[in-house]
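Read through the structure below, which is laid out as structure tokens, and then see the notes.
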Number of protein chains: 2
Amino acid sequence: MRHRLKDVAERAGVSVKTVSNVVNGYQHVRADTRARVEEAIAELHYRPNLSARNLRKGRTGVIALAVPELDIPYFAELARHVVTAAAEHGWTVLIDQTGGGSEQERKAASGIGDHMIDGLILSPLALTADDLAALDGLPMVLLGERVDHGPADHVMVDNVAAAREITAHLVGLGRRRIAAIGSQRTPEGASARLRLAGYAAALAEAGIAYDDRLVAPAPAWHRADGAAAMRHLLTSGVRPDAVFCFNDTLALGALRALHEAGLRVPEDVAVAGFDDIEDGRFSIPTLSTVAPDKERIARLAVELLAGRLGPDREAPPRELVAPHRLALRESA
Amino acid sequence: MRHRLKDVAERAGVSVKTVSNVVNGYQHVRADTRARVEEAIAELHYRPNLSARNLRKGRTGVIALAVPELDIPYFAELARHVVTAAAEHGWTVLIDQTGGGSEQERKAASGIGDHMIDGLILSPLALTADDLAALDGLPMVLLGERVDHGPADHVMVDNVAAAREITAHLVGLGRRRIAAIGSQRTPEGASARLRLAGYAAALAEAGIAYDDRLVAPAPAWHRADGAAAMRHLLTSGVRPDAVFCFNDTLALGALRALHEAGLRVPEDVAVAGFDDIEDGRFSIPTLSTVAPDKERIARLAVELLAGRLGPDREAPPRELVAPHRLALRESA
DNA sequence: AGCGTTGCTTACAACGTTGTAGAAACCAGG
DNA sequence: CCTGGTTTCTACAACGTTGTAAGCAACGCT
């Protein structure tokens, strides 16, 4: 049913290696031989066995992308860009869901592939420097916050600056009681810490006192968490006139909670998010947010990985910052 | 750097095959031998080379999931469930984006794997029966509409019934000028045709005349298309008092357009969708929709595939229908 | 003691491919 | 028609793994 080089070779009356040469476009093959082989290939519907090729070559042509959750729109959108960018390098992308657990992430990084993949683009939540050091073997590019002094390449946005800018925008609207939603105490919360720092910096610059009661934690960054946090803020007696949510899904949840409380956005409370996901362009009201250049992030990550697999094999870890901008819409 | 069975064998003072037996949990290995081998494995950080194993076994442990677009929430949510279900069978999932083009889909089905994958779960938009017949080799499960008389297993929801139910619900609310958004004339629009049929059936049952002007086409099923279609309906002079959108993203776009037009949902216009994506639970207003059991769909698909790869290798094509229910919320 | 049985281990070949090295065919120039 | 240099093709080995079959102890039974 499934044919091998050998079958094609017999049919074309040449050696196995000659067929291999035709398949791989090797140049020294006479035109008529090539034609005969190609005919045989077509007739038998021959397709190379990638496992065998990989075994022989030590390369698989597959890279993995490991993200915490696929149905968080930010990661889905990012995944699309990574797939596109990787395709330009002739790679297939194996998309992996880590669930954000350090165990899962370690497994993704060390386990997935074991010779099944050439490299890994990992968006870590829980991974520590120790975990990374233990991996070593696999060429890897990390997305998001720096795992301090990890040995891997890195693509990130300037979270602190971005958070500062969007908070400053809220200040510029005349808001003074600006809440933040999404803080996290856990070690996984690297992004949360940086965005909180940016938020605090903007307040400080504006001479607004940092008020602990205005900072709402969120165990995860889903819509439900945003809604819950917002409800908590509203019932706790601190009446914010603006909220900076650490990502867009939190913000969409917050919008929902404000709506249920009968408050108008942005008149009563301005809302800002982070990520610029598709939903935010159609929500009611549309969402003002930080727009990281996801396409660029994906492209940079793929390119770093390409470097690691090629000429820059032994280069020192590099760290690239992708640009971001503010996408100001109705909510703030 | 990377070690092989042979290295472990030498270190443990046993044969290569014995190490292989330990790795694969073969039973006839003396406890002390096993211990020695395991120690050697640990010391060398040995990990099997999957390419070699696959070559030998003819199985890769990877299945592919090919969907049109990853950042359509429905597919992202589905992907998550598939990954979860596949993990229970010990499979890794290679997620592929076809973009909905028939060329791409054919490539996904025939090309991706070529011995890289054991099977394929494909959500086809454009694939014809001919395309499928040409593939043959790869065990495959299709999601969504039947490609007529294709030879592959199939998991679907009863689109006609579901569409009829949700439309009947709109009728039950007392609406009479019920629009539909999302019709498609192209061959890709199999889902669109079925949902339109369900819509028409519900109208007929209620004795409401089918009005062509109330049926708005949508080239794709994105939020922007839904918004555009809704705007078109509103400006064309046919004032609907309800809209059934053929998926949730269309519906979210429609909500947005209605909001911009100053119309209230559901008071002025009731809105219903299809898919039950996460967004719809937090939109303003929350979205009434058809909720296909995505978790079940994923599980059935994986199980069918498992069957094809195992005992039911030669079974005739099966067709399973996953249940759905109405998720009635604020918008209708 | 001889026999079969059971438990443990091993050598060998094979999976389908490609790199290496070299053989065969071809070509031009004398 | 030989020489030397290409071009074109081929045999062989290897990538790392596992299935097969067979070897070797040690055991219990007659």
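Below, the figures for the structure above:
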| quantity | calculated |
| --- | --- |
| Tilt relative to chain A, helix A:31-44 - C-alpha long axis, 0 to 90 degrees, to 10 | 70 |
| DSSP loop GluC sites (Glu not before Pro) with at most 10 other Cβ within 10 Å: longest gap in chain B | B:1-266 |
| Teacher prompt: A:Glu205 distances to equivalent labels in other copies, 7 Å Cα→Cβ, nm | 6.0 |
| Expected-Rg normalisation [2.2 N^0.38 Å, Cα atoms] applied to region B:276-328 | 1.59 |
| Other copies of B:Glu38: label-to-label distances in nm, shortest first, labels 7 Å along the beta-carbon direction | 5.7 |
| Other copies of A:Val321: label-to-label distances in nm, shortest first, labels 7 Å along the beta-carbon direction | 5.8 |
| Rg ratio (alpha-carbon, reference 2.2 N^0.38 Å) - region B:5-48 | 0.95 |
| Whole-Å distance, taken between Cα centres, linking region A:201-266 and region B:241-258 | 28 |
| Tail beyond 47 Å, pair distance distribution of the protein assembly as shown (Cα, percent) | 24 |
| Built amide H within the under 5 Å cut-off of A:Ile121, gap 5+ | A:Ala64, A:Leu65, A:Ala66, A:Val141 |
| Cα-based Rg / Dmax (Å) for chain A | 25.3, 86 |
| Charge dipole (debye, nearest 20) of region B:159-292; +1 at Cβ of Lys and Arg, -1 at Cβ of Asp and Glu | 320 |
| Rounded to the nearest 20 debye, dipole of region B:230-322 from Cβ charges on Lys, Arg, Asp, Glu | 140 |
| Spread of Cα-to-Cα distances over 5 Å intervals beginning at zero, given as percent, for region B:159-292 | 2, 12, 24, 27, 22, 10, 2, 0 |
| Acute angle (nearest 10 degrees) that the helix B:73-88 long axis makes with the longest principal axis of chain B, alpha-carbon atoms | 30 |
| Antiparallel DSSP beta bridges within the protein assembly as shown, percent to nearest 5 | 10 |
| Selection from B:Leu44, B:Val22, B:Val8 lying farthest towards where the dipole of region B:5-48 points positive, charges on Cβ | B:Val22 |
| For region B:59-80, residues shielded by at least 30 square angstrom of accessible area compared with the chain on its own, probe 1.4 Å | B:Leu70, B:Asp71, B:Ala76, B:Arg80 |
| Reciprocal of mean inverse Cα separation for region A:1-87 (Kirkwood radius, Å) | 15.6 |
| Among beta bridges that DSSP assigns inside chain A, antiparallel share in %, nearest 5 | 10 |
| Residue among B:Arg195, B:Arg11, B:Arg308 with the largest mean-square fluctuation in a Gaussian network model of chain B, springs linking Cα atoms under 10 Å | B:Arg11 |
| Value at 222 nm in deg cm²/dmol, rounded to 500, when DSSP H runs of n ≥ 4 in the protein assembly as shown each add -39,500 (n - 2.57) | -13000 deg cm²/dmol |
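The values are calculated or read from the model by the stated rules, or taken from the named source; none is laboratory data. In this text, all values refer to a predicted model and were calculated from it rather than measured experimentally. Neighbour counts run over all protein chains shown; Cβ positions are idealised from the backbone, glycine included. SASA here: full protein model, heavy atoms, side chains in, ligands and nucleic acids out. Shrake-Rupley method; radii C 1.70, N 1.55, O 1.52, S 1.80 Å.
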